[in-house]
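Report on the following structure.
The values are calculated or read from the model by the stated rules, or taken from the named source; none is laboratory data. Just so we're clear, the structure is a prediction, and the values are computed from it rather than from any experiment. Positions of Cβ are generated from backbone atoms using ideal geometry, with glycine treated the same way; all protein chains shown enter the neighbour counts. Side chains included, ligands, DNA and RNA excluded: accessible areas come from the protein's heavy atoms. Shrake-Rupley method; radii C 1.70, N 1.55, O 1.52, S 1.80 Å.
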Amino acid sequence: QVQVVESGGGLVQAGGSLRLSCAASGNAFSISTMSWYRQGPGNQRELVAQITSGGRATYGDSVQGRFTISRDNSKNTVYLQMNTLKPEDTAVYYCKVRTIIDYWGQGTQVTVSS
């Protein structure tokens, strides 16, 4: 069993920045890909960014060039640095950790005001 806990959400003005963190604990020795997803009001959950255990990162088109994903394997933690935030980035952000199966966190709210 793996526990996944996100933190760092909040309210920010458009153009501002936030940094999300996601820590995995428990039986976390076999983690491969770590990912961030988001779900805005009335929208489906979408992939924001993901990073492999070797550090290869991929991004959704809407955040390319503004968001940066990184991870600290020694801490089983993944980060999402979000810059130049827009109101349309408002969503609940979820962390997903892949081992043999996928584990999800409870989500953290990000609200960007115009």
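Can you give me the % of accessible surface on the chain that is carbon or sulfur? Probe 1.4 Å, all protein chains present, nothing else counted. Mind dumping the intermediate values first?
Numbers: 2760 of 6020 Å².
Here carbon and sulfur together make up 46 percent of the probe-accessible area.
I want to verify a result. In a Gaussian network model of the chain, Cα cutoff 10 Å, which of these has the top mean-square fluctuation: Val48, Val63, Val97? Between Val48, Val63, Val97, it is Val63 that shows the largest mean-square fluctuation. Charge dipole (Cα centre; +1 on Lys/Arg Cβ, -1 on Asp/Glu Cβ; no other charges) of segment 9-114 amounts to roughly 180 debye.
Think of segment 1-100 as a dipole: +1 on every Lys or Arg Cβ, -1 on every Asp or Glu Cβ, centred on the Cα centre; then among Tyr37, Gly54, Tyr79, Gly54 lies furthest on the positive end. Note on exposure: Lys75, Lys86 ranked by accessible area (1.4 Å probe, complete protein assembly) read Lys75, Lys86, with the most exposed listed first. For segment 27-114, the solvent-accessible area of protein heavy atoms averages 53 Å² per residue (probe radius 1.4 Å; ligands and nucleic acids excluded).
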